[in-house]
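Working notes, beginning with the structure itself.
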Amino acid sequence: MAGVADAAAAAAPGSGGDGRRGGVPEQQDSARGEPKTLWGSSELRPPTAGPGQPSPQQRTETLGFYESDRGRKKKRSLSDLSLLRFISAELTRGYFLEHNEAKYTEWRERVYTCMRIPKELEKLMFFGIFLCLDAFLYVFTLLPLRVFLAMFRFITLPCYGLRDRRLLQPAQVCDILKGVILVICYFMMHYVDYSMMYHLIRGQSVIKLYIIYNMLEVADRLFSSFGQDILDALYWTATEPKERKRAHIGVIPHFFMAVLYVFLHAILIMVQATTLNVAFNSHNKSLLTIMMSNNFVEIKGSVFKKFEKNNLFQMSNSDIKERFTNYVLLLIVCLRNMEQFSWNPDHLWVLFPDVCMVVASEIAVDIVKHAFITKFNDITADVYSEYRASLAFDLVSSRQKNAYTDYSDSVSRRMGFIPLPLAVLLIRVVTSSIKVQGVLAYVCVVLFYCGLISLKVLNSIVLLGKSCQYVKEAKMEEKLFNPVLTATPGKSSGKQQGMFKSNQGISTDENGSTSVTNQPVHQKENAPSFLLTSNSDQFLTTPDGEEKDISQDSSELKHRSSKKDLLEIDRFTICGNRID
């Protein structure tokens with residue numbers, strides 16, 4: 001019976017008479033006669049599967065063993081599980097990076113993008129700062145001349161007769177309002193004592209001043225967002241066509257709101273400048289260091305959040321405005337300190353290291369912040385050239401024949417930079433710091449004013465030339481001379497828009513050349529009301545090859561309604577989960 005059992009066991013499927021068990025071969029070692037295990041063995045080849053068993057190729061391999069081999073009860077030799085063999089495998093194992101070529105190429109491109117960010121960002125900052133400078137110089141140079149011409153036209157109007165229903169052009173009305181607001185707020189600022197404010201702030205502790213400075217930054221953003229709406233409401237209320245004379249009374253409350261806003265915002269900026277001045281004059285410079293460290297808090301609040309293309313555009317505009325405002329604040333601090341030291345030039349070199357430290361920290365924070373935001377959100381460095389082209393588009397479109405806003409107002413809306421409060425404060429500081437006495441002093445003032453006008457004109461010419469170059473490089477010329485027209489609610493249908501869209505915005509002179517510097521043409525009152533939408537916003541939110549006809553059916557307009565909300569991207573438009 002034992003022989004029969006042995007024969008049956010030898011003939012059973014999956015077991016062989018030559019020492020196989022469970023379909024796994026056991027080769028005898030020629031020297032010791034012990035079976036070799038499968039750990040690290042490359043000589044064994046699984047035998048052909050018996051009937052009713054899966055093939056070895058179908059078995060799941062885990063850590064060098066087949067799952068069917070887990071049930072083996074044979075003890076393995078401890079000599080094959082040596083520490084030296086494990087260390088040898090760790091020292092000699094290799095891998096090939098080309099097996100994941102796409103990922104490594106992407107990671108390398110991220111490094112290159114981070115290295116390109118400082119150059120591209122500073123090019124955008126450089127262009128944006130000169131745009132802010134152009135809008136800021138406009139208040140001191142061309143605005144007084146435009147107000148004088150508007151007042152001269154208003155006084156001499158009876159000599160020419162009433163040829164038009166409007167006494168003044170809308171642009172002239174806005175210029176007069178800006179000039180009157182500037183003059184009223186300047187005289188109101190004389191009732192604010194700068195010296196008392198300086199000593200009041202200097203008597204506070206360092207922690208209090210740090211908290212006050214942070215609160216002032218938040219308040220400045222809130223004032224900028226609401227202040228531009230107040231000014232725009234005043235301009236439109238004063239220039240909109242009115243059927244009754246009683247309707248003109250509505251300009252008065254808007255005017256007082258605008259004066260109050262500019263005055264309060266100027267005081268707010270004065271407190272910021274005074275706090276910065278106290279930090280410069282502190283003995284241990286601890287307050288200045290703490291205020292500079294506040295810039296690095298921006299990295300924590302911005303880098304580790306999701307950003308899209310439009311959000312980054314808002315942040316870039318905010319950084320441009322913040323950097324230019326800091327430059328003006330540093331100028332005010334230097335003027336006040338030089339006045340206290342009787343304009344001694346040696347004291348300027350004492351302030352110079354602190355000024356450089358503030359500017360360098362601001363630049364370093366912006367570079368680090370933008371570099372990591374683009375890295376974490378997979379945004380290329382070429383997006384900054386698109387932002388620059390969008391800002392250039394605003395400048396060029398403001399010189400068009402069909403312009404609907406002044407360039408300074410466009411900068412205010414796009415970047416959140418409102419030049420009126422800052423100009424009021426700077427005039428107040430300059431007039432209180434520099435005493436003009438004698439004929440020679442007034443001659444110097446006139447020459448200085450002529451120099452400011454020359455700087456403004458030269459800056460405008462260079463910016464306009466660069467802007468045209470950036471618009472051509474971005475291939476936005478067709479959008480410039482064929483603006484997108486959006487009808488006001490309840491006015492006209494889509495088909496009327498398509499008919500009215502034919503030749504809007506193109507003006508040619510006698511030689512047939514295109515002109516972008518002519519005066520705007522007043523539309524007829526019975527024409528349908530349209531709103532011009534800046535194509536720079538469409539350039540940021542929609543692809544270039546995706547221009548569609550506006551005269552489409554209502555179903556497609558409803559489908560595109562979600563995209564229309566993103567076409568007007570300004571400084572305070574919500575494009576995501578945050579406003580920067």
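The values are calculated or read from the model by the stated rules, or taken from the named source; none is laboratory data. Everything quoted here is computed from the prediction, not taken from an experiment. Here the Cβ positions follow ideal geometry from the backbone for every residue, glycine too, while neighbour counts run over all protein chains shown. Protein only, heavy atoms only, side chains kept; ligands, DNA and RNA dropped before computing areas. Shrake-Rupley method; radii C 1.70, N 1.55, O 1.52, S 1.80 Å.
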* Asked: Along the Cα-to-Cβ line of SER195, 7 Å from the Cα, sits a label point; which residues in the stretch 339-360 have backbone N less than 17 Å from it?
  -> 339-343
* Ratio of the stretch 201-357's C-alpha Rg to 2.2 N^0.38 Å, to two decimals? -> 1.34
* Asked: Rounded to the nearest 20 Debye, what is the dipole magnitude of the stretch 144-238 about its Cα centre when Lys and Arg each give +1 and Asp and Glu each give -1 at the C-beta?
  -> 280 debye
* To do: Please give the length that would be gained between LYS285 and ILE249 if that part of the chain were fully extended, namely 0.36 nm times their separation in residues minus their C-alpha to C-alpha distance (nm, one decimal).
  => 7.6 nm
* How high is the relative contact order of the stretch 167-289, given as a whole-number percent (alpha carbon pairs under 8 Å, six or more residues apart)? -> 40 percent
* Might you tell me the accessible area per residue for the stretch 237-336, computed with a 1.4 Å probe and given in Å²? => 43 Å²
* Looking at the stretch 94-178, which chymotrypsin sites (Phe, Trp or Tyr not before Pro) are DSSP coil and have at most 14 other C-beta atoms within 10 Å of their C-beta? -> TYR95, PHE96
* Quick one: Debye curve from the alpha-carbon atoms of the stretch 358-483 only, equal weights, vacuum; give me log10 I(q)/I(0) at q = 0.11, 0.22 Å⁻¹ to two decimals. => -0.64, -1.29
* Structure fact -> Computed from the beta carbon distance with a Förster radius of 41 Å, FRET efficiency for GLU477 and LEU167 to the nearest 0.05 stands at 0.65
* Whose amide H sits under 5 Å from the amide H of GLY416, counting only residues 5 or more places off or on another chain, with H placed in the peptide plane? -> ARG571
* What relative contact order, as a whole-number percentage, does the stretch 297-386 give when Cα pairs under 8 Å and 6 or more residues apart are counted? -> 56 percent
* Asked: For the stretch 426-478 and the stretch 245-312, what is the separation of their C-alpha centers, rounded to whole Å?
  -> 24 Å
* How about the stretch 371-447: which trypsin sites (Lys or Arg not before Pro) there are in a DSSP loop, with at most 16 other Cβ atoms within 10 Å of their Cβ? -> ARG399, LYS435
* **Projected area averaged over orientations for the stretch 412-465, convex hull of C-alpha atoms, nm²** => 4.9 nm²
* To do: Using θ = phi - 60° and the Karplus relation 6.51 cos²θ - 1.76 cosθ + 1.60, list the HN-Hα couplings for the stretch 459-469 in order, rounded to whole Hz, with x at every Gly or Pro.
  => 5, 5, 5, 5, 5, 5, x, 5, 5, 4, 5
* What is the extension gain from ALA360 to SER82, computed as 0.36 nm multiplied by their sequence separation minus the C-alpha to C-alpha distance, in nm to one decimal? -> 94.2 nm
* Enumerate by residue number the GluC sites (Glu not before Pro) in the stretch 289-365 meeting two conditions: DSSP loop (anything except H, G, I, E, B), and at most 16 other Cβ atoms within 10 Å of the site's Cβ. => GLU308
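For the stretch 138-279, which whole percent of the accessible surface, found with a 1.4 angstrom probe, sits on carbon and sulfur atoms?
Here carbon and sulfur together make up 71 percent of the probe-accessible area.
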* To do: Please work out the FRET efficiency for the pair LEU264 and TRP349, using the Cβ-Cβ distance as r and a Förster radius of 30 Å; give the result to the nearest 0.05.
  => 0.25
* Can you give the relative contact order of the stretch 82-193 as a percent, counting alpha carbon pairs under 8 Å and 6+ residues apart? -> 21 percent
* Using all C-alpha to C-alpha distances in the stretch 331-410, build P(r) with 10 Å bins and read off the rounded percent in each one. => 14, 22, 21, 27, 14, 1
